[in-house]
Structures are given as structure tokens and as C-alpha cells.
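Beneath this line is the structure, given in C-alpha cells, with notes to follow.
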Amino acid sequence: MLVELNKSTYAARVKRIYEAWNNASKNDDYASIADSDALLLVAGDPASEDEPMRKGTCFQQWLLGYEFPSTLIFFQRDKIAVLCSASKAKILAQIQNVPGVPSMQIYAQAKAKEPANDAIPEFLKLYKSAQRVGTLLKEAHTGKLVTEWQKVVSELDTKPELVEMAAAVSGLMAVKDADELKLVQTAANLTSTLLKHHVAPKLESILDRESKVTHETLSVQIEARLGSGEGDSAKGPDMKVWGKGKDLTSIDWASAEFCYPPIIISKSSKTGYDLRYTIDSTEDNIAHKGVLLVSFGLRYKSYSTNVGRTFIVDPNPQQEAQYNLLLSLQAELLLFMKEGVTARDVYLHALDFVRERRPELEKHFVKTVGFGMGMEFRDATYVLSAKNARQLKTNMVFNLGLGFSDLTDQNGQKYALHLVDTVRIDANKSVLLTDGVKHSKETLFFLDAGSDVDEPKSKKAPTRSKVNGSPAKAKTIAGKVLRNPRRAVQDEVHQTAASRLLEHQKELHEKLQEDGLAKFSEGGGGSSGKEGKGWKKFQSYKGEGALPDEVERLRIFVDRKAQSVILPIHGFAVPFHINTIKNASKSDEGDFTYLRINFQTPGQLAGKKEDTPFEDPDATFIRSVSYRSPDGHRFDNLVKQITDLKKEANKREQQKKEMADVIEQGTLVELKGRRPYKLQEAFIRPALDGKRLPGEVEIHTNGVRYQSVGAQRVDVLFSNVKHLFFQPCDHELLVIVHMHLKAPIMIGKKKTSDVQFFREATDVQFDETGNRKRKHRYGDEDEIEMEQQERKRRAMLNKEVKAFAEKIADAASISLGDTLELDIPFRELSFEGVPFRTNVRLQPTTECLVHLSDTPFLVVTLADIEIASLERVQYGLKQFDLVLIFKDFTKAPLHINSIASGQMDDVKNWLDSVDIPMAERPVNLNWGPLMKHVNENPYDFFREGGWTFLGGAAGAQEEQSSSEEEESEFEVEESDAFSSESSDDDGSDFGDGSDSDGDASDFDDGSESEGEDWDELERKAAKADLKRNEGRRGDSDEDERPKKKKPAPKANGKSKGKR
């Protein structure tokens, strides 16, 4: 049987119905059915997807667990009658005689090809016997059964009195049992996960980048997280999002759906700020400033939850106060809403709360603060309004929706605010079921950096900041530091920045360790790179008849066509595939020449396959075979043939491995109805075969096409694009649109994971040296004008190509149903290094680290990086290396060598800003064997400490400790200076030269065993000079004044030269 009904759930809910019905006169919730003789539940054809779920359908699902269209259920005091089709009757027969509840009598209609039976007349007799029948009067149903039923009822002489039972049905379903609460909690987890891990980050990214995305597009993209498409193009749930939720990996995804299309509203929406759930997101682009409203709800196995949030970009103090009032009001109502409180009291309490704190907002407050939820998204019986006297009971679920509408800012712009969550009523308070992305620091975006509320943490790479970087260098004269009253403040800033970086890195390393243990704990180990490895099977010939004619001579024969070597063994021709042969060699001994052929066998000490198991451990292998012949020339020829055949086989195998990840793209769907957007006079890299000529790039429905002047074409589908970049021609010779692909493709005979379209920024077509202006101008005027024209030309080129790149991003977003962001490198964060063989400029972007100006290209996705190791970090070295270890441990780490030490702070601050854990080491590690060890058993690796052996952010710790040591040294030296001034035996006036605040004298304790550094020697020399000057002062005239000595520089263990 395909459908199995839950008998225990059915019995429990039938009992609840009859208990409520029998005690209806004592309970106001069921007063409407107190005098009813029977209850009739009508279900017609299923409603369309656009219509909300009907109360009758919800009641039927609540009772039976499934929807049964075209079914009539008639509750009598002692039994239950059901009128349905024959197929439904077979399913309902499971609960026909459940003990403890009234029995069910099923009236099954005849099948379509069978003659009519008496099911409807018999059911009609039961209906006629009742005086008052409770039913859902406001629901209109359609369908064949409903039409027949309405016809026979209309023909009755005396009809039962019909009363509305909607309120009683709502009361029955309002209080949730334990099974229902589990489903509601799962739906709430789905809603909260989508909010925290997709909607909020996506909206933040759109605002941060000022992306041109319509409200409708974002709504569709949110819906696509549950899956999209049909047939072969269908996509399942986005587990990158849902995997971050609690207990969501094993749910029944077919039972999860949206309650309504997600609603996105900003100040550019045509419909204005409308807080109803029946409106649609508009086709206008999302405004990047002002108030944005987001609301959506998810349903799991028919149980609904809902959430709504307000995001404000650059809010004024008034808006900030209004939003904080909503947060306070929600916290207040969660304490107020509990068992026994009426819906009216909830609303009036909320209104009083607003009136007391902000009386001017009372008129803008919403007319209801929520409604009951369950199978029915909005239960009108339990609306939290000023007119509803229904009581709240434990385990009821409500949509608590607070808001202000029709507000006006200082510019006259209308806006609204809302805060919506799903809550469960408890005995003493209410409990939030949905939560996250609610507090001011998460929803208010300030353009002013000096605002009191922090901006939410953005993935966007920050500009270079002196707070996280090195402190501002003090002014110098002749290489010596002048006294700076702000120096203590600068040191404090430096220490604060270093400690903040150290603290953040500590958190990142702890999280990295936790994630590693969690990731590999289930499997107990990872892949060593040899799992699944085995001996390949080869076939030289299908049968004896396929052997070549040369075997009849029983001589060694190399068959290039069959990729085999045929050897005569004991009078038989035995073929060996070339892949079974390791090598062949020849040697001369006397009058004979020996040919030795070695085979691939397991257990060879130096062989690459010694650790490869063979399926039969008892198999016997031939290690080698030797032949002797007086014909040395023939053996020479055989060795050459076997060696060449082996080389060809190895080459083919290598090519096959290289092409293993190359995909065959689908067909490009050309744009119809209008001409595609084009970028003309563009070149492509990798270059096409033939003469280098410009072509044009066209944007089509599901990809882009590059067409050269000849007939050559290159198609790139949006579904294969992982990253899209635009690099302007500022400080560059090219303006670039670059696509980094998910899987490599073939362009001509070249395999590539990157496709780049570019134009040259240098204009060689115009030569203005010989025009008329030159005759009348002298000096630099002409050169200045040419420079201005060059800048203007570059700016226009940037604008044109960037607009084209944005059109690619827009077209890809529409085609994929997910936003493809256009990424632009941050040149101000760039640094030079050697990732391949040459020194290049590496530029961070929002999501990557790239080098796009020349081949080979480099695109590293930051999300794929596990940890960064800074190596050769030593005092005195002018360069250091950066090693990026990927989360995919089977992928070789990326080495970026020879980065200037002066850029170390910038690199560290950038890595920290994008949440990449890093470590410092004075020497390079041998990463090959290290990663092999990690891959053998990743779980053991993390259990033994993981990446802690690298030392963590040691550099920041050392920097902090060294600054503390310098500070303490300063204090010791200062006390020494005072003691030396008060000592009569010293006789030194050096203290006179450093009496302002002692900042410039920061010496060591003077440990004799460590020797004296240059600063100590300089200090002694300064003392000697002062004594010498004193001696001369007594012999000189009174008006001759001694020259004032410059203060000594701060000592830090190294001499400071001129800069």
C-alpha cells in the first residue's frame, strides 16, 4: 500500500474533536457547534498553487495526515461517514475501525466505467437526518463530486440548518501536540537558517557592492535555495546554505516549501512600503540607501513559520530609535504573551508600550500585532487585534508581527519598519522559534565611519588602515627620531592593533581546529590519495584470430596497432600489452646480444606501484624475460620500437589525466528578438590559432560568445562561470573582463580554466605629432593636452567595458537564478610576489586573490583556503614567502615567494580581514611530505593538534611582547637617568640634553655579557663629547656658547640609517 495512515494520531485527534464537541457549551472557543447535530467537512478539487490553503483542507490534513480531494466527511455523534472515490476508500479502510473512537462508515462511489451505485443517496439520508449541521460556509468548492452533492441537496424539501464552524475548527488545530511542535520547529530552523546564512549576507553583499539587482530577482534567488528547474536541469536544495542549519541535513526536502514568494521592498519599489503578505516583489532595482524590508516564510509538512526583518542603510537617529523601540516591544511582548492572556490584551499592551515611550508613533502602529499559525498560514480566528477576545493557550504558535507604517523621514520620503518572528506560547512566557539577524549591529548599516553602532562585518576587502597596520612613522631628521608628544599614543595604537589581530587570529585558529575535528570525525580519516587505486586491466586481442600473421614465425613482434609486444614462449605466441611492460634493454656478450624485457609487478622496492594491491594476493608474476640472439641489429631495432611505444603510451596516459576534468559544455542558447549586447574590438586569451585579430563578445541567453574575424568561436556558459572580474586600465596597459571557470574547457587544443576578453588601453592608431597644432605650439602645452586626452580615453574605455561586464553579470543572474557578482581587484591592497616563475602584482578582490594582467593567470578563491603560512620571516631578510594551504588537502599548496618584507603588515592585515588563519615561521617547510602525512589520516592530524604546530599568529605575539619589553626598558632607563643626574660621582650633564620627556632615550639595561650595540656606543660617544665640550668651555670666552647636542635615537636593537 502506497499511503499509510497514522492510526494513533488519527485516534488522538478524533478524540479531541468529540471532547470539544461534547463540551462545546462550556467553552467559548467551540460555542458555534454546541447545538449542532453533525459536522460536515467538504473538500472539492485541489486549490491552485496561487491560492492560500483552505481551512477545510488544513483540517483534513490535520486529521488524516494527507489531503483527500473530492471527499466529504460527515461527523455524527456516534459515527463518522465518508463519501469518496473507490481508490480513496481503500486507503481510508486502514482507520475504519480504530478502537476507542467512533467507527468510520465509508461510502465509495463507483468507478468511471462502472454503473452508478447508491453511495450519494445513502450519504444524503444521513445528512437529512440532522437538524443543525456545522460546516465551513465561507469556503467555495468545485469539482464533479461537489457539483453532484450540491445538486442533490438543492432538491431536498427540508434541509438541515447550516451553522459556521470555522472558529471551532481553528480552536481544535490551535494547540499543537508534541509531533506538531517538532514539525513547526523544523520549519522554524529552515526559516532562521535561510535568513542568517543566505538572505542577510546576500542583501549585505548587494548593498556593499551597490549591485543592480531587482526586488523580484532577489526573491526568485531566495526561493531557488530549496531547488529549482525540472527534469534534467533540476537543481536540488542548496546544501551550502542548509548545511549550516541545525539538524537539517536529513529532512524530507520534498515536504519543504515557501508559504508565499519572498517579499523584498525598498524605497524604489513601485508599490511603496506595504506590510501585507499578499503583495509581490517588484521589478525595480533595489535601492542601496534607506529602508529595506524582507519577509518570507517556510512550511514543512504543511506547518508554517514566518520571519520579517528591516535593514536600514545610513539611518538617521529617529529611524534608529524607532527600530530599537520595536526590539524593546518584542522583548516586552514575549514576556507578556502566556497562558490565559487574551489576544485583545496583547494588542492593547503593545499599544500602551508605544504610547508611553513615543506617543507620536501611536498613529503609525500596525492594526494587528500578529495571528495564529499552523497548517493554516494565517488563522483569522486568532488575530492579535483590539477586538479579539480569544485566549492564548500553551503550545499555540503565533506570527508576532510588529511595525510602524506611513512614516516620513526628513526628506519627505515615506518608509515603514517591521520586525516579525514566529513564537510559541508557554505557561509563563513566549518562546521565539525563529531568530537571528535582528539586533541593531546586524541590521543598521552606517555610511559614516564615526557612528556609534558598528557596521556589520563585511566580506569586502578593507582599504589600508593605519589602525590595523603599522603606526604612522614619526618625522625624522638625518635618520634620528624627533621627540613627538603623540608617540605614546602611536605606540598604544600599534599595541592595540597587534593585540586585536592576535586575538582575532586566536579565535580563527580555534574555529579551524573545531571545524577540522567535526569535518573528519565521522569518517575517522581522509583519503591518502591511494584509496581506490588498483591495477588496470588491458586487452591486447579479443581472441586468437585477432593475432597478426607475423606470430606464425614465432619471433618477437611489436604490434603498434594493438599496443602490444608479442613474445614467443615455449612455442606459443604470448601477447603483452605495452602498459604491462616497464622497460626494455639490450646488452652484448661475446657473439650474442641479450634482450631483457622488465614487467610491471607489485612488490618492486623502487617501483611506483609497490604499494598498489593486486586483487589476487596469491598470483604469480613474471618479473622479466630475456632472449639471446646473434642478430644484434634486430635487437637494437626491437628495443627502439618498444621504448617508442612505451613513450607514446605514457604520453597518452598523461594527456588523458590532464583532460580528465575537462567538461563538454552544453549548447549556447542564442538571444532572439533583439540584437545581443556586444563588446567590439576585443581580444581573447588564451589566444586562438592563426593570426592575432580582434573579435567581438556577445551576451546571449545562457552564456557569452566570442567570435573572431574568421569563423572561430568560443562559447562560455554562465553555468560554468565561478568568478567574473573586471580590471580597469588604471596603471595597466589592458582593460580586462575575466571569467574563472568551475571546470576547464578546451579552446582550440588548449585546456584552460580562465577565459579573458581585453582591449588595449594604449592608443597607437592616432599620431598627433604631425598635425597643425604642432606649428603654433611650443613647450609642454601639447604634451599636457595629450595626457589629458589619454586620461579621458582611458576613463571612457573603463566605463564602456565595465558596463559590458555588468551586463554579463546581470544576464548570468537571470539565467542561473543566482547572483553572479562582478568582482573588481583592489589595487591599493596589492603586493608583488612570485607565484610561478616571474614576479607579478597580486591583487585581492572581495572573494579572491588574482593576477589577471598576464599569463599564466592566478585566481585563488579565498573561501577555499584553510590556512596561510608566512615563511622566512626573519629579521634582516628583505623578503618572505606566503604558502596558502587549501581545504582540499589533496590539492598542492600554493607558494607565493619573494614578497617584500615591507609589505608584511599589509599582507597580514588583509589575511586577517578576510578571516584566514595565518602562522609565521622563520624557515620554509617541505610541504610535499607534510600534506601526504595529513592526507593519510586527517582526523588523527587534527586530534593531535592540527595546524597548531605552525605556531599560530606568533608574529603578532612577538610584536606585542617586544613592544612591552621596549616600554619596560624605557622605564628602567628613565630611573637610571634620574639617579645619574643626582649622583655627584658621575659628573655627566647628559641628562640636560634629554630632559623633555625621555622618549628619545630608550636603552637596554646594559647587560655586560650581551655586548654593546651601536646605540649604546653612540650614547657613550655623546657623553664623551659633552665632557670634551665642558673642558673647552672653561678656556673659551664667556660669550661663546656650546652647540646643543641632538638627542640620541631610540634604541631597539638595530641601528637606524638615513631613509
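The values are calculated or read from the model by the stated rules, or taken from the named source; none is laboratory data. The shown structure was predicted, so the numbers you read here are calculated from the model rather than taken from an experiment. Cβ coordinates were reconstructed from backbone atoms using ideal geometry, including for glycine residues, and neighbour counts include every protein chain displayed. All accessible areas refer to the heavy atoms of the entire protein, side chains included, with ligands and DNA or RNA removed. Shrake-Rupley method; radii C 1.70, N 1.55, O 1.52, S 1.80 Å.
Spin-label model, S901 to V431: label points 7 Å out along the Cα-to-beta-carbon direction sit 6.0 nm apart. For region 290-389, the equivalent ellipsoid built from the Cα gyration tensor has semi-axes of 25, 20, 11 Å, listed from largest to smallest. One decimal place: the segment R793-S499 gains 101.2 nm when fully extended, by the rule 0.36 nm per residue minus the C-alpha distance.
In this structure, N839 and E216 have a Cβ-Cβ separation that, at R0 = 41 Å, corresponds to a calculated FRET efficiency of about 0.30. Under 14 Å from a label point set 7 Å out along the Cα-to-Cβ vector of D864, the amide N atoms of region 886-901 belong to 886-895.
Once Rh for region 1-109 is found with the Kirkwood sum over Cα pairs, what is the Stokes-Einstein diffusion coefficient at 25 °C and 0.890 mPa s, in µm²/s? Translational diffusion coefficient: 167 µm²/s. Remark: C-alpha extents of region 191-330 on the principal axes read 48, 33, 28 Å, sorted largest to smallest.
Give, in nm to one decimal, the length gained when the segment between E51 and K519 is fully stretched (0.36 nm per residue of separation minus the Cα-Cα distance). Provide the component values of the computation, followed by the final result.
Numbers: separation 468, 0.36 × 468 = 168.48 nm, distance 4.31 nm.
Full extension from E51 to K519 adds 164.2 nm.
With 23 Å as the limit on Cα-Cα distance, the pairs of K196/K511; K657/K751; K363/K393; K289/K441; K640/K750; K742/K799 that go past it are K363/K393; K640/K750; K742/K799.
Label separation (S328 vs Y18): 5.4 nm, computed from points 7 Å beyond Cα along the C-beta direction.
Cα centroids of region 636-665 and region 295-368: 70 Å apart. Taken per residue, the accessible surface of region 641-746 reaches 55 Å², heavy atoms only and a 1.4 Å probe. Accessible surface area normalised per residue over region 1-83 is 47 Å², counting heavy atoms of protein chains with a 1.4 Å rolling probe.
Between E781 and L925, the contour length at 0.36 nm per residue exceeds the alpha carbon distance by 46.1 nm.
Distance between the 7 Å Cα→Cβ label points at T142 and D35: 3.6 nm.
Peptides 429-436, 244-251, 706-713 ranked from most to least packed, by the mean per-residue count of other Cβ atoms within 10 Å: 429-436, 706-713, 244-251. What the Cβ-Cβ distance of H731 and A892 gives, at R0 = 35 Å and to the nearest 0.05, is a FRET efficiency of 0.65.
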